[in-house]
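Engineer: Quick one: structure below, then a few questions.
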Amino acid sequence: MSEAPTRQAPSSSTASSTNASPPHPQHAKPGPLRPAGGAKSGEGEKKFTVGFIGGGMMASALIRGLVKAGVVPNFAISVSDPYKPMRDKLAAEVGVIAYDDNIQVIEHAQVIVLAVKPDIIPQVLRELSQRVTRHHLIISIAAGATLQLMEHQLPDQTRVVRVMPNTPCLVGECAAAFALGGSCLPEDAVLVKRIFSAVGAAFEVKEKDLNAVTGLSGSGPAYVFMMIEAMADGGVRAGLPRNVAMQLAAQTVKGAATMVQLTGEHPGVLKDQVASPGGTTITGIEALEKGGLRSTVIGAVVAAAERSKQLAESSKPTPNPRQT
């Protein structure tokens, strides 16, 4: 037997008064997405209910981002997770509805985000297959859950989206890419962008390009962490205290990335602006070139992309009982 849903008022230390909500009535059954009103909604925007199957770190970051950005109010978000402390924490700190039963989320949300480990996806898809309707939009952030797999296991005409986020989602700086399934509507792309823009930026691509996305932005944070670590080690080797070197390295990477985004200049142009003739920077760049930095980074992205392709190939869908 399922537990009663958990909902507590957000604590003042973790949710601002603008995110607080009136007591939540029982969620309505999913229906068509409809025009939204209210000060935080732009003209033509839709209001919708969102359900998360899985309440781990990535789901938690998305939930908090959606509420903080005013994209979805806390009382319109539900989450299911087998781990009670996780459910209770989200209910207490954010004010969402927490269940121990995936079916409750499916029945009470229009947009369903699959935020579970890859080995759980087949079980979740089986549950979804008995409950989803044409009013649902299914979004998967689970690695390996291809559009083909989801469309094969779910009823015909189910609208599915595959998203590849990355771990900076946890600090509101996600770089996400998504691919739409064959039954998706044009407005589904707009909705997915709204959801993931609450925690960073989102870009639509073809599914075949998601392997490259995995190699670049999915795995990319690890490459950058290594770069920050190496720069800090260099600072220590040159005589800086470890804590100072680490903060300088991290801030330098953050500042450089912000310059690329805000100026619109090619990174090579920005690099040349720092490297004066015969100076320290061009001497350092020479050392990087001798060490093969460019080719090594390119090779890392391509290798990770290829591995992503191999993993996707190994998760071919099995015959769907409803089609036999």
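Engineer: Would you confirm whether any residue within region 73-94 is of a type in the set (Val, Ile, Thr) and closer than 22 Å to residue 212 by Cα?
Structural biologist: no
Engineer: Here are 141, 112: which of them is crowded, with 22+ Cβ neighbours inside 10 Å, of a type in the set (A, V, I, L, M), closer than 24 Å to residue 208 by Cβ and in contact (Cβ under 8 Å) with a residue 40 or more places away in the chain?
Structural biologist: Sole residue among the options that is crowded, with 22+ Cβ neighbours inside 10 Å, of a type in the set (A, V, I, L, M), closer than 24 Å to residue 208 by Cβ and in contact (Cβ under 8 Å) with a residue 40 or more places away in the chain: 141.
Engineer: What is the number of the single condition among (1) within 19 Å of residue 47 (Cα to Cα); (2) out of contact with any strand residue (DSSP E or B) (no Cβ under 9 Å at 6 or more places or on another chain) that residue 82 does not meet?
Structural biologist: (1)
Engineer: I'd like the full set of residues that are in contact (Cβ under 8 Å) with a residue 40 or more places away in the chain and either among the acidic types (Asp, Glu) or crowded, with 24+ Cβ neighbours inside 10 Å (or both), limited to region 77-93.
Structural biologist: Listed by number, the residues that qualify are 78, 88, 93.
Engineer: Does region 51-71 hold any residues that are β-branched (Val, Ile, Thr) and without any contact (Cβ under 8 Å) to a residue 60 or more places away in the chain, and which are they?
Structural biologist: Hits for region 51-71 are 63, 67.
Engineer: Okay, next question. Given the criteria under 21 Å from residue 148 (Cβ atoms) and either in contact (Cβ under 8 Å) with a residue 12 or more places away in the chain or of a type in the set (Val, Ile, Thr) (or both), does residue 214 qualify?
Structural biologist: Criteria met by residue 214.
Engineer: State all residues of region 224-266 that are among the basic types (Lys, Arg) and exposed (fewer than 11 other Cβ atoms within 10 Å of the Cβ); if no residue qualifies, say none.
Structural biologist: Result: 237, single match.
Engineer: While we're looking at this one, here's another question. Starting from region 162-191, keep only residues that are more than 12 Å from residue 214 (Cβ to Cβ), then list their pairs with residues that are assigned to a helix (DSSP H, G or I) and of a type in the set (Gly, Ala, Ser) whose Cβ atoms are within a distance under 7 Å, requiring at least 6 positions of separation or different chains.
Structural biologist: Here the result reads 169/61; 170/61; 172/65; 180/189, each pair linking region 162-191 to a residue that is assigned to a helix (DSSP H, G or I) and of a type in the set (Gly, Ala, Ser).
Engineer: Taking the stated definitions as given, is residue 287 exposed (fewer than 13 other Cβ atoms within 10 Å of the Cβ) and either in a helix (DSSP H, G or I) or in contact with a helix residue (DSSP H, G or I) (Cβ under 9 Å, 6 or more places away or on another chain) (or both)?
Structural biologist: yes
Engineer: Right, next: Would you be able to tell me the number of residues in region 77-97 that are farther than 23 Å from residue 201 by Cβ and in a helix (DSSP H, G or I)?
Structural biologist: Going through region 77-97 one residue at a time, the tally reaches 10.
Every number in this text was worked out from the coordinates using simple rules, so none of it is lab data. Everything numeric in this text was worked out from a predicted model, so none of it was measured. Virtual Cβ from ideal backbone geometry, glycine too; neighbours counted across all protein chains shown.
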